[in-house]
Structures are given as C-alpha cells and as structure tokens.
Amino acid sequence: MVTPGEMKIKSEWISAHLQKADSNIPFSFLYDGNLSSEFLQNWEYKTESRKLDENRIQNNQSWTDPQTGLEVRCEAVEYPDYPVVEWTVYFKNTGTGNTPVLKDIQGLDVDFQEKENKAFVLHGIKGDFCTADSFEPYSDTLEAGTEKTFAPPVHSGKSTDGSEGWPYYNLQMNENGVIIAVGWPGQWASSFTRDASKGLKVKAGQQLTNCYLKPGEEIRTPLISLLFWEKPGVVEAQNLWRRYYMAHILPHIDGKPQLPTLQIQVGAAAKDTSYVKKFLQAGIKPDICWRDANWYPNDNGPYKKEEGLWLNTGTWEIDSTRYPEEFKPFSDFVHKHGMQFLLWFEPERVGDPNSWLGKNHPEWLLHGSSHGALLNEGNPEAWTWLVNHIDSMIQSQGLDWYREDMNGGGPLPAWRKNDAPDRQGITENMYIQGHLAFWDELKCRNPHLRIDACASGGRRNDQETMKRAVPLLRSDFQWDWMENVVRGNQGQTYGLSSWLPFQGTGVYFYDTYRMRSFYMAGFGMGALTPENTAAQQQAYSECAKIASDMLFGDYYPLTPYSVDTTYWIAWQFDRPEEGTGVIQAFRRSSCEEAVKTFPLKGVDVDARYELIIFDSKKPVIVTGKELTETGVNVEISEKPGSAIVKYSKM
C-alpha cells in the first residue's frame, strides 16, 4: 500500500525540516520574549543520525544557547517502511542559574500551501464523552481567514476527552494529504489557521507553557507524528495509518502484536474458580479474567456505599478480610487453563484522605481535582514508591495485565493549582514525563506485562499512550440505562475504526442485534446464568470468528455515519493478504429498507470467494468481480436487525 511517491514526499519533508539548522524547523517557542525562528540558527548547533533498529532511523538536532546554557534537542524518528516521521523536542537547562522564561512551546508549527485553488479539508472524529456521538466523524473545509482549534475540556487534562478532544487528524490537500497525531496524555491544544490567501498554519503542543527552568531541569513537547499520503483518497489513507499503527504503535510482546481478546469479569476470590469453570464448561474460554475495582480496603473513606465505596482509593493493598489468600491462587488457576489475569488500579487518584497514601505521604499529593487528590508522578520519591509497589504486586499476584483508570473530571485543575505564576505548565510536564516513565519501567521489569489504558472510558488514548497500551474499554457508554446506547456503539465502531484498530468494550445485553453491536477486537460479557448461556455462547463464538479481521484488516465504511433510527449502518474489514474479510450491517428500528447492496473493497477480482452469512446455514460462492462490481445483497427482515457476512478466498 505504500507508494514510492509517498516515501519521496516524506524524505523531502525531512530534508527540509529536520536536517538543517535554519528557521524551517517544525516547532517553535518564545524565549525571553523572542521567537525561536529569530535566534535559534545563531546558537551552537549539532546533529547526528543513527539506526535504532531495522524499522527506525533517529535524527537528532540540538541547539545550545552559549549565554544561558539552554539546550534545545529535537529527537526525530524516521520509519523506512512507511511514509512516517515523528519527533519530540526537549528543553534542558545545562547552565548554573535559572533560564529566562520559555513560553508558548509548540511541538508542531508548520505551514502548508494550497495548490491548484483547491481547499484544505480536515478529517477527524470527536473524542469520548460517554454519549452516543462519541467518536463521530467530521470533515471540515478550512476556508481562507478561518481557524479551527481543538483541545480537551478546560477542566480535564485527559488527552481524548470531549467533543474536540481527539488529537489525530487527516489533513487533505487536493489528491495528497498528511495524517497528524499528537501524543500527550495531558492537556494539549492544536490549531489550523488559514490566512487570507493560500496558506495554512498548523500548531500543536502542551496547552499552557510559561515557565523558567531550574539548573538541570528538562521538559518536553508532545510527540508529533506525520504520515504523508497521496491518492486515491482519504479512506485509503486511513488504512495506511491502520497498517502503520499495527506495525509500529500497537504494543508487541516477543515480537508479536497484541491479538484480539475475549474477557469475563471475575471477583478473583477462591469462589471465582468455580465461576470461571462454568464458562469453560459452556465452551467459552476467555483470554482474560478481569478483576475490576473494589478489592482494596475502602470502608472508612468519604464515599459511602450509595456513591460507590470503590472511589475510596489510596491504599493499594488487597483487602485481607475479603481476600485472605490474596490473588495468587486464582491467577495460578487462570494460568493453568491458558488464560490471563487482569487487575484494575487507579494509582493517580487518592480518593480517601485516610488511605495509606493520604496519611503517610500527604506531601506527594496534589490537590484541586474532583474525586480526591492526585498522586504526583512528577515527584521522584512518589514515582519510586509507585514503581516498586505496583511492580511487587504484579509479581506477587501473578498479574498479566495492569489496568489503569483515571476517574473524576481530570487532573488539570490540580496541575495548574500547583504551578507558581512564573512556572505555568511545569507541574503537568513533569507529571506526564513521570507517568510515561512509570509505564516504561513496569514493562522493563515485566517484559510480558500488558497494559490496559482507561480514563473514565476512552479518554486518554493519545499516541504516546497507545504505544504502551490498548483500550480494552473504549468508552463507558455501554449500559442499558444510557440513551441510544446500542446505536451509539455502532456509531463508535464506525468512527473509531479509522484510527484505532484495537478497541474493546463489554456488553450486557443478550439478544442478537444488541450483542452484535458491540463486537470488536476486545470483547466481553459475563454474569453467566442458565437463561443467558446460549446467548453468550453465540456472542463469544461469533466475535471470535471476525475479531482478527477487525483488528488486522483494512477498514471501509459502507454507509454514511448516523445514529438515527431510520438508517442502516454498515462497514467492511478486509485482509487482502489473507483473502478474508467481514461485513457488519445493522438495520435500525424505524428503517423501512429490508435489503441493501454493498460493493466491496480490497477483494481480488480474479478469485472466487465463499460467503458465510451467520444467520444462514448455506454458504454462497461468488467471484471477486461480482463482489466489487455488483456487490453483496444483505437482507435483514427484522427491525432492528443485524447481519454478519464472513468471506474467504477459495
């Protein structure tokens, strides 16, 4: 799928922006009131290049101010197999005194020029805010003299939170374009500003920076990634992104990518051994046995039973009253049967002031956020304790998955409340560096550890996070009391699949239409009863048959996006190298059309395919030419109703 033209565009862009000392560098900042482009070329300049591995080449540039000792270092990584370059800029005080003020640091500051009088079109999706229209796609034409800005909500600090909080963009420019990703699990901001003629300026960085650096201090910008693409179009560009994501972003262990997962919820006490055995006896073998919140002492905190005792966090020890044997006997049982054990944590939020952290180390806590204090991961002593403590639990309890949550409104108010007026943004920056280093150290000490990223659902899934973790729960929008929850989840799969090949959720409905609305690479149910056993057997079996196509396949929307009851919604995943794929289609409750025809993408026109329609016992044999030119007739007699068509090359 990668073309020589795309690789050429990338190489030329790197040569122009990341291999010279001049003012064409792709970032900017103010230093002592002066713009970086006005002085940086006059500082001491060094450059070096080295091969990190078979898939990455690193190009480093550094500029050092001879007067103040400020070192600016841009570490850029080029991918030889994809038209992708990424970089992070670091600012370190190598002098003996405080630096002048650094302000408005932009990790991305680049200009594009319109060609052939055709407009810039910006494609993306909304972030997660636990509603039916989370991850809704948009396409906005950027007219001359206009500006589009994006950021998580002002109370947040969670990187993919809110309707304008998705830090991934596809900027279309005529028949070419560039995908832009901002990696920052905190409060970022981006802008796309058209001038009065043909220019477009794109900026992105930590939302607020206005601080000096003390001797030895170092801060950084968000990770910036660019993927350059050329025709045939936006959908194909998104599939190029998906393939790059699978190769270089999705976490790999022992050289192998994260595979689809089936999970069940457990309590992890001795009695849960028999609970899991019921699933195994029913022919349901999950990959993950998931122990969620509420396993730690929490009876004496400020949150009462009606609010949720699980919110009383801050003592990360297993409640010996409820779990006298702790979790190791259960994880041993899980491992014996070829499954993995996941345990939920929320170490950043200290919801109980009388918890171990609240009583023993109040100096480690930042105050100002909702739902309790914040453990300062930028504090070296707190960081060291956190790493050692969580690592000891991973090893002593036999954990395969570390699930990290962050509830409440977000950490941003606490970060900013703890900044001095001349040190704005410093608390957040040090915190984010500590947060990422914490995960890296856990994975270094436990090479087979897998991390599940969660922050009230899918609200912290930026690229830096996704390089280390997967979202087993893409959104908390999954419960039966939420309005439009089923159609919303169909829409979430539709929008998010262009960006995150791996996404997961859990479903607590037991009819075919609603169960199928939640099928994806990460899937779970639970609460097995005699009444719902057959439904769960069907759901786990069906999802297992298509999950690999959903994870590894190219993605093609087959209908427009909608959560309206009068429409169909459908999509296709295709694996051309494997010769397999799947169509998922849904007819909503007020839709009058019983049949839709969908021409397919990606299939081999010279091959023959076997189609398995999940609700039919008879396979159908068709040619690839028929699939692409005539299409597949999908009939759904019920409303609401669903159809799954799995196809394989013969």
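Mind ranking 620, 276 by accessible surface for me, highest first, 1.4 Å probe?
On the way: 620 60, 276 0 Å².
So, going from the largest accessible area down, we get 620, 276.
Using a 1.4 Å probe over the heavy atoms of the protein chains, calculate the carbon and sulfur portion of the accessible area of segment 85-218 as a whole percent.
Numbers: 2140 of 4730 Å².
That share works out to 45 percent.
Pull up the cross-link candidates among the lysines for residue 271, meaning alpha carbon to alpha carbon under 19 Å and not fewer than 8 places away within one chain.
Answer for residue 271, where 19 Å is the Cα cut-off: 285, 328, 336, listed by chain and number.
Can you find, among 631, 556, 582, the residue farthest towards the positive end of the dipole of segment 544-650? Put +1 on the C-beta of Lys and Arg, -1 on that of Asp and Glu.
582
Residue 597 versus residue 628, label points 7 Å from Cα toward the beta carbon: distance in nm?
1.8
Please work out how much length the chain gains when fully extended from residue 444 to residue 198, using 0.36 nm per residue of separation minus the C-alpha to C-alpha distance, in nm with one decimal.
Values: separation 246, 0.36 × 246 = 88.56 nm, distance 4.79 nm.
Result: 83.8 nm gained on full extension.
With a point put 7 Å past each Cα toward its Cβ, work out how far residue 538 is from residue 423 in nm, to one decimal.
Here the answer is 6.1 nm between the modelled labels.
Classify segment 318-379 as rounded, prolate or oblate from the Cα gyration tensor: take a ≥ b ≥ c as the square roots of its eigenvalues, call it rounded if a/c is under 1.5, otherwise prolate when a/b beats b/c and oblate if not. Please list the in-between numbers first.
On the way: a/c = 3.38, a/b = 2.24, b/c = 1.51.
Since a/c reaches 1.5 and a/b is larger than b/c, the shape of segment 318-379 is classed as prolate.
Provide the FRET efficiency to the nearest 0.05 for the residue 385-residue 115 pair, computing r from the beta carbons and using R0 = 56 Å. Spell out each step's value before the answer.
Details: r = 55 Å, r/R0 = 0.99.
In this case the efficiency is close to 0.50.
Kindly state, to the nearest 0.05, the FRET efficiency for residue 299 paired with residue 336, given R0 = 30 Å and r defined as their beta-carbon distance.
0.35
Take the alpha carbon atoms of segment 602-650, find their center, do the same for segment 61-79, and report the distance between the two centers in whole angstrom.
55
Where nothing but the Cβ of Lys and Arg (+1) and of Asp and Glu (-1) is charged, how large is the charge dipole of segment 385-544 around its Cα centre, in debye to the nearest 20? Numbers along the way, then the final one.
Working: 15 positive and 18 negative charges, 45 e Å.
Dipole magnitude for segment 385-544 comes out near 220 debye.
Can you compute the modelled spin-label distance between residue 280 and residue 37, with each label point 7 Å from Cα toward Cβ, in nm?
Output for this residue pair reads 6.4 nm.
How much length is gained on full extension from residue 12 to residue 252, taking 0.36 nm per residue of separation minus their Cα-Cα distance?
Details: separation 240, 0.36 × 240 = 86.40 nm, distance 3.03 nm.
Using 0.36 nm per residue and subtracting the Cα-Cα distance, I get 83.4 nm.
List the trypsin sites (Lys or Arg not before Pro) within segment 1-89 that fall in a DSSP loop (any state other than H, G, I, E or B) and whose Cβ has at most 16 other Cβ atoms within 10 Å.
Values: sites: 8, 10, 20, 46, 50, 51, 56, 73; in loops: 20.
Filter output for segment 1-89: 20.
Just to verify a number: what accessible area does residue 361 come out at with the full protein assembly present, 1.4 Å probe, Å² rounded to tens?
40
Between their Cα atoms, which of 158/304; 20/51; 203/256 are more than 28 Å away from each other?
203/256
At 222 nm, what value in deg cm²/dmol follows for the chain if DSSP H runs of at least 4 each add -39500 (n - 2.57) and the sum is divided by all its residues, to the nearest 500?
Numbers: 12 runs with 138 residues, N = 650.
Calculated mean residue ellipticity at 222 nm is -6500 deg cm²/dmol.
Given a 1.4 angstrom probe, what's the average accessible area per residue across segment 388-440, in square angstrom?
Values: 1510 Å² over 53 residues.
Accessible area per residue: 28 Å².
Rounded, prolate or oblate for segment 1-118? Axes are the square roots of the Cα gyration tensor eigenvalues, ordered a ≥ b ≥ c, and the cut-off for rounded is a/c under 1.5.
Details: a/c = 2.72, a/b = 1.58, b/c = 1.73.
Note, shape of segment 1-118 comes out oblate.
Once Lys and Arg get +1 and Asp and Glu get -1 on their Cβ, which of 434, 446, 402 lies farthest toward the positive end of the dipole of segment 349-456?
Looking along the dipole axis, the top candidate is 402.
Give me the aspartates and glutamates in straight-line cross-link reach of residue 277: C-alpha distance below 15 Å, same-chain residues under 8 apart excluded.
Hits, sequence-local ones excluded: 287, 332.
From largest accessible area down, sort 476, 104; use a 1.4 Å probe on the protein chains. Intermediate results must be reported in sequence, preceding the final value.
Numbers: 476 45, 104 75 Å².
From most exposed to least exposed: 104, 476.
How much length is gained on full extension from residue 140 to residue 511, taking 0.36 nm per residue of separation minus their Cα-Cα distance? It would help to have the intermediate numbers written out before the result.
On the way: separation 371, 0.36 × 371 = 133.56 nm, distance 3.77 nm.
Answer, rounded to one decimal: 129.8 nm.
Express the relative contact order of the chain as a whole percentage, based on alpha carbon pairs under 8 Å and six or more residues apart in sequence.
Numbers: 1532 pairs, mean separation 71.9, N = 650.
Relative contact order here is 11 percent.
Suppose a student asked you for the relative contact order of segment 593-650, using Cα pairs under 8 Å spaced at least 6 residues apart; what percent would you report?
Numbers: 100 pairs, mean separation 26.7, N = 58.
Answer for segment 593-650 is 46 percent.
By the gyration tensor of its Cα atoms, with a ≥ b ≥ c the square roots of the eigenvalues, what is the shape of segment 97-182: rounded for a/c under 1.5, prolate for a/b over b/c, or oblate? All intermediate terms of the calculation are to be shown ahead of the outcome.
Details: a/c = 2.47, a/b = 1.12, b/c = 2.20.
Here segment 97-182 falls in the oblate category.
If you roll a 1.4 Å probe over the heavy atoms of the protein chains, what accessible area per residue do you get for segment 14-164, in Å²?
Numbers: 6770 Å² over 151 residues.
With the other protein chains kept in place, segment 14-164 gives 45 Å² per residue.
Are there trypsin sites (Lys or Arg not before Pro) in segment 104-179 that DSSP marks as loop and that have at most 13 other Cβ atoms within 10 Å, and which are they?
Numbers: sites: 115, 118, 126, 148, 158; in loops: 115, 118, 126, 158.
Sparse-neighbourhood loop trypsin sites (Lys or Arg not before Pro): 115, 118.
For the chain, with the dipole built from +1 on Lys and Arg beta-carbon atoms and -1 on Asp and Glu ones, taken about the Cα centre, which of 134, 99, 289 lies farthest toward the positive end?
Farthest towards the positive end: 289.
Between the alpha-carbon centers of segment 332-346 and segment 160-183, tell me the distance in whole angstrom.
Cα centroid to Cα centroid, the span is 37 Å.
Do any trypsin sites (Lys or Arg not before Pro) in segment 281-349 lie in a loop, going by DSSP, with at most 10 other beta-carbon atoms within 10 Å of their beta carbon, and if so which? It would help to have the intermediate numbers written out before the result.
Details: sites: 291, 304, 305, 322, 336, 349; in loops: 304, 305, 322.
Passing both the DSSP loop test and the Cβ count: 305.
Using the Cα centre as the reference, give the magnitude of the dipole from point charges on the C-beta atoms of segment 478-637 (Lys, Arg: +1; Asp, Glu: -1; all else neutral), rounded to the nearest 20 debye.
On the way: 13 positive and 20 negative charges, 30 e Å.
Charge dipole of segment 478-637: 140 debye, to the nearest 20.
Using the beta-carbon distance between residue 46 and residue 482 and R0 = 35 Å, what value does 1/(1 + (r/R0)^6) give for FRET efficiency, to the nearest 0.05? Walk me through the intermediate numbers first.
On the way: r = 55 Å, r/R0 = 1.57.
Efficiency computed from Cβ-Cβ geometry: 0.05.
Aspartates and glutamates near residue 625 by alpha-carbon distance under 12 Å, same-chain residues fewer than 8 away left out - which ones?
604, 606
Using unit Cβ charges (K, R positive; D, E negative) and no other charged atoms, how large, in debye to the nearest 20, is the dipole of the chain about its Cα centre?
Charge dipole, the chain, about its Cα centre: 1020 debye, nearest 20.
The values are calculated or read from the model by the stated rules, or taken from the named source; none is laboratory data. Bear in mind that the values here come from a model prediction, so they are computed numbers and not experimental data. For neighbour counting, all protein chains shown are included, and Cβ atoms are generated from backbone atoms with ideal geometry for every residue, glycine included. Accessible surface is based on the protein model in full, side chains and every heavy atom, while ligands, DNA and RNA are left aside. Shrake-Rupley method; radii C 1.70, N 1.55, O 1.52, S 1.80 Å.
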